Amino acid sequence: MKPGARSTYERIYRVVRGIPRGRVATYGLIARLAGLPGHARQVGYALHALPDDSGVPWFRVLNARGEISLSPAGSGTVQRKLLEAEGVLFDKRGRVDLGRRLWKPRAAVR
DNA sequence: CTCCTGACTAATA
DNA sequence: CTATTAGCCAGGA
């Protein structure tokens, strides 16, 4: 993580770490919980800059449609596998049923 | 400094 | 359902 990235990234990572196993969240949701409403894009940017050994469950973050925002041919496959290993299933279109799988946290930022 | 890109979203047509 | 638009802002050239 770069020095200049500061608290914005940390806020995001803190929220992502709170996603329970077998549940998923969306970029926009993470942004709001992190106290950064409207910064969904930056959430994606932050996760992209995240090291693989960070321990942050980045793979539990999907876009608003319940799809993986990564290239299906790239690390998107890895993300899907990680989620399926937790019991998160994808339909024929490659989407997760957010209605049932979306993480419903009790409190925001904190 | 400016310009462009991008793990995004919500609103509108 | 798809397409377009505007809003967001960190980083690299």
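We did not get these values from a lab; they are worked out from the coordinates using the rules stated. Predicted, not measured: the structure shown is a model, and the values here were computed from it. When we count neighbours, we look across all protein chains shown, and the Cβ atoms used for this are built from the backbone with ideal geometry, even at glycine.
Quick check for me: using +1 on Lys/Arg Cβ and -1 on Asp/Glu Cβ, what's the dipole size of region A:13-69 about its Cα centre, in debye to the nearest 20? Can you show the working numbers first?
Values: 8 positive and 3 negative charges, 51 e Å.
Magnitude of the dipole: close to 240 debye.
What relative contact order, as a whole-number percentage, does chain A give when Cα pairs under 8 Å and 6 or more residues apart are counted?
Values: 129 pairs, mean separation 34.2, N = 110.
Contact order relative to length: 31 percent.
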Seminar exercise, completed: Scalar couplings 3J(HN,Hα) for region A:45-61 by Karplus 6.51 cos²θ - 1.76 cosθ + 1.60 (θ = phi - 60°), nearest whole Hz, x for Gly and Pro, are 5, 5, 5, 5, 7, 6, x, 5, 8, 6, x, 7, x, 4, 5, 8, 9
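What does the charge count around residue A:56 come to, taking other residues whose C-beta lies under 13 Å from its C-beta (Lys +1, Arg +1, Asp -1, Glu -1)? Can you show the working numbers first?
Values: positive: A:11, A:14, A:17, A:60; negative: A:10, A:52, A:53.
Counting the neighbours of residue A:56, the net charge comes to +1.
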